[in-house]
Amino acid sequence: MPAQFIYLDHQATTPLAPEARDAMLPWLSGPESIGFANPHSMHRAGRAAAAAVEVAREQVAGLLPKDGRVIFTSGATEALNQALRTVPRGGIAVSAIEHSAVVNAALASGAAVQELPVSADGLVDPEVDFAEGTGLVAVMQVNNEIGTIQPVAQLAKRAHDIGALFLCDAVQGAGKLAPPEEADLIAITAHKLYGPKGIGALWVRNGVKIGELIHGGGQEGGLRSGTLSPALCAGFGAAAALANTRMDVDFQHLSGLAALARSTLARWTVNGSETARWPGNLNLRLDGLNFPRLLSDCRTIAFSAGSACGSGTGAPSRVLSAIGLDAKEARNSIRLGFGRYSTQGEVEQACRAIEAAATAQGV
């Protein structure tokens, strides 16, 4: 990667924290040690690997409510599918700005699906009416495209009032905000909190019944078959533990970066609420902007037009459409994602380059 490259796409993924990398290395060793052992084996090496997995489980659990259990998965997509497709329930209510992992899994479940609208600020009304027969409500903690923080506590209470469970996609909030304490099911992933790709978790409140999505050897208490990677678990755990200690520091750092970016890009309009938002996410639009040209002109800066999972489709962002933007306005938008290791100098340099490139387009 060129030395001048500036990474501002932290909603898509985050760099691996040095502490997470160091925690992984002993479990990535070759035949000269026992770090490669299968954690489901009964011999000494296997038991050592299993112990490392359990340490990591406790570290990840430290980011989540106390009265539940952590099931390791391949990522949040699997965790969300497991929750939406195996938990006994009636209809499913999902917000209009949920990640495709929630929307498509809900549709694949065969249940009746209700879409909960959002305001122009990108927020679900906590008093929204749920359809009769709803058994599961799914609303994310922080939106991955526009950064809005949803009123999940109120929505979870409303769900419980009608006898429904509450599922929260906390991918963008885990390790950054307090956990959604009222949720019954929470999905998170390591690579959005400076851990490795390929591992996530589903938190399940005690007493909530959940079924097996992947069948096989019955690992993870019979709920998620497949051999666990001690290295991935260790990296996830270390990243979670680090995030737990840095939550306030990271929040203040990102708030400063967001303010700096807004001052440089003062003529751009913020998409979504200006106040109920995670400061590491800044989604902006400028009328007349040609995004592909902007990206080409700013090729040493990593930023996006929205979710990496929905890029390349050519269709306007479903999230931006849900908050009332027309197709043209949606295509005039960019997303800047700041992270723990972003510096003020990088953000200032990147925002000045983006503004200069937009001005060169005549907008």
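Bridgeable aspartates and glutamates around K192 (alpha carbons under 16 Å apart, same-chain partners fewer than 8 residues away excluded): D9, E19, E78, E145, D169, D250.
Helical content of the chain, expressed as a calculated mean residue ellipticity at 222 nm, amounts to -10500 deg cm²/dmol (DSSP H runs of 4 or more residues, -39,500 (n - 2.57) each, divided by residue number, nearest 500). Go ahead and collect, in residue order, the members of the stretch 152-174 whose backbone nitrogen is under 19 Å from a label point 7 Å along the Cα-Cβ direction of N206. Those under the cut-off are 166.
Per residue, the Cα convex hull of the stretch 171-270 amounts to 142 Å³.
Here are some values of Kirkwood radius over Cα pairs in Å: [x] 20.6; [y] 21.2; [z] 22.3. Which one was computed from this structure? Given [x] 20.6; [y] 21.2; [z] 22.3, the structure-derived one carries the label [y].
Can you give me the C-alpha center-to-center distance between the stretch 11-89 and the stretch 148-226, rounded to a whole angstrom? That distance is 15 Å.
3J(HN,Hα) couplings calculated from phi for the stretch 32-47 with the Karplus curve 6.51 cos²θ - 1.76 cosθ + 1.60 (θ = phi - 60°) are, in sequence order, 6, 9, 9, x, 7, 4, 6, x, 9, 7, 8, 6, 4, 5, x, 5 Hz; Gly and Pro show x. Packing, taken as the mean count of other beta carbons within 10 Å per residue, orders the peptides 143-152, 33-42, 156-165 from highest to lowest as 143-152, 156-165, 33-42.
Need one number: nm distance between label points at R262 and D67, each 7 Å from Cα along Cα→Cβ, rounded to one decimal. That separation, rounded to one decimal, is 3.7 nm.
For the stretch 324-363, the normalised intensity computed at q = 0.29 Å⁻¹ comes to -0.99 (log10 of I(q)/I(0), Debye sum over alpha carbons, equal scatterers, no solvent).
Taking every alpha-carbon pair within the stretch 155-202, the share separated by more than 17 Å comes to 38 percent. The residues of the chain have, on average, 41 Å² of accessible surface per residue, using a 1.4 Å probe with all protein chains present.
Taking one equal scatterer on every alpha-carbon of the stretch 52-143, how large is log10 of I(q)/I(0) by Debye at q = 0.15, 0.19, 0.20, 0.24 1/Å? Evaluating at q = 0.15, 0.19, 0.20, 0.24 Å⁻¹ gives log10 I(q)/I(0) of -0.67, -0.96, -1.02, -1.22. Round to a whole number: what % of the accessible area of the chain belongs to carbon and sulfur, probe 1.4 Å? Its accessible area is 55 percent carbon and sulfur atoms. Packing around the peptides 175-188, 343-356, taken as the average count of other Cβ atoms within 10 Å per residue, puts them in this order, highest first: 175-188, 343-356.
Most simply put, the chain has about 55% antiparallel DSSP beta bridges, counting only bridges with both residues inside it.
Which of the listed residues, N144, Q59, L254, is farthest toward the dipole's positive end in the chain, when Lys, Arg count +1 and Asp, Glu count -1 at the beta-carbon? The Cα lying farthest towards the positive end belongs to Q59.
Partners of K209 within straight-line reach, counting lysines whose Cα lies under 22 Å from its Cα and excluding those fewer than 8 residues away in the same chain: K66, K157.
The values are calculated or read from the model by the stated rules, or taken from the named source; none is laboratory data. The shown structure was predicted, so the numbers you read here are calculated from the model rather than taken from an experiment. Cβ sites come from the backbone with ideal geometry, for glycine too, and all protein chains shown count toward neighbours. Protein only, heavy atoms only, side chains kept; ligands, DNA and RNA dropped before computing areas. Shrake-Rupley method; radii C 1.70, N 1.55, O 1.52, S 1.80 Å.
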